[in-house]
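Notes to accompany the following structure.
The values are calculated or read from the model by the stated rules, or taken from the named source; none is laboratory data. What you are looking at is a predicted structure, and each value in this text was computed from that prediction instead of being measured. Neighbour counts run over all protein chains shown; Cβ positions are idealised from the backbone, glycine included. Protein only, heavy atoms only, side chains kept; ligands, DNA and RNA dropped before computing areas. Shrake-Rupley method; radii C 1.70, N 1.55, O 1.52, S 1.80 Å.
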Amino acid sequence: VRVTTAVRLLTWAIDRYRDQKQGPMLARAGAIFSTLTLGRYSKLFVDYEKSPLSLSALRTDSRQVEVSGMSEGTRDQLYLALRLAALELHLGKSKALPFVADDLLINFDDERSTAGLQALLELSTQTQVLFLSHHDHLLPRVQQVFGDKVNVIQLQR
């Protein structure tokens with residue numbers, strides 16, 4: 001009984017420590033991912049029980065979803081969240097370079113496209129964001145999110 005109790009207590013303490021001390025990039029990426037998925041996912045975490053280690057997300061209904069179990073659009077939102085979090089950490093330590101986003105929102109629905117543009121707006125407070133797209137339907141959303149802070153250049157086809 002003592003050994004079983006000690007094992008459970010130690011496991012609980014390790015899980016709690018990992019949860020509280022997860023890396024700043026993973027924590028920030030989880031917050032961005034939650035925003036991009038309109039709150040369907042609450043956080044990202046590394047599953048230390050798997051070998052090799054795997055990244056998973058926690059849905060708001062407490063279900064764990066591995067990357068392989070996500071739709072293509074949700075995986076794109078995850079990758080964008082990870083890129084933005086890494087870039088934000090990098091910008092905190094070095095000179096800002098422009099961020100070029102070429103059709104990042106291609107697999108996003110309209111609401112998630114708006115959330116993605118809001119994430120780019122937040123990034124634009126730290127560095128220049130160049131957003132390239134051939135999807136005309138995004139232009140009203142870009143103008144809605146960025147307002148007069150956007151410079152739209154349309155190329156003739």
> Among the residues of region 33-54 satisfying the criterion of being open to solvent by less than 60 Å² (accessible area, probe 1.4 Å) and touching a residue at least 40 places away in the same chain (Cβ under 8 Å), which is farthest from Ala115 (Cα to Cα)?
Replying inline: Phe33
> When you go through (1) in a helix (DSSP H, G or I); (2) open to solvent by 50 Å² or more (accessible area, probe 1.4 Å); (3) at pLDDT 90 or above one by one for Leu89, which number turns out not to apply?
Replying inline: (3)
> For region 94-119, which residues satisfy the criterion of being more than 14 Å from the chain's Cα centre (by Cα) and either in a loop (DSSP other than H, G, I, E, B) or of a type in the set (A, V, I, L, M, F, W, C) (or both)?
Replying inline: Ser94, Lys95, Ala96, Leu97, Pro98, Phe99, Val100, Ala101, Asp103, Ile106, Asn107, Asp109
> Of all the residues that make up region 112-136, how many are open to solvent by 90 Å² or more (accessible area, probe 1.4 Å) and within 24 Å of Gly39 (Cα to Cα)?
Replying inline: 3
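Those residues that are assigned to a loop (DSSP other than H, G, I, E, B) and either at pLDDT 90 or above or touching a strand residue (DSSP E or B) at 6+ places or on another chain (Cβ under 7 Å) (or both), I need them from region 39-54; list them, please.
Gly39, Arg40, Leu53 - these are the residues of region 39-54 that are assigned to a loop (DSSP other than H, G, I, E, B) and either at pLDDT 90 or above or touching a strand residue (DSSP E or B) at 6+ places or on another chain (Cβ under 7 Å) (or both).
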> Restricting region 55-86 to residues that are charged (D, E, K, R) and not in a strand (DSSP E or B), which is surrounded by the most Cβ atoms within 10 Å (Cβ to Cβ)?
Replying inline: Asp76
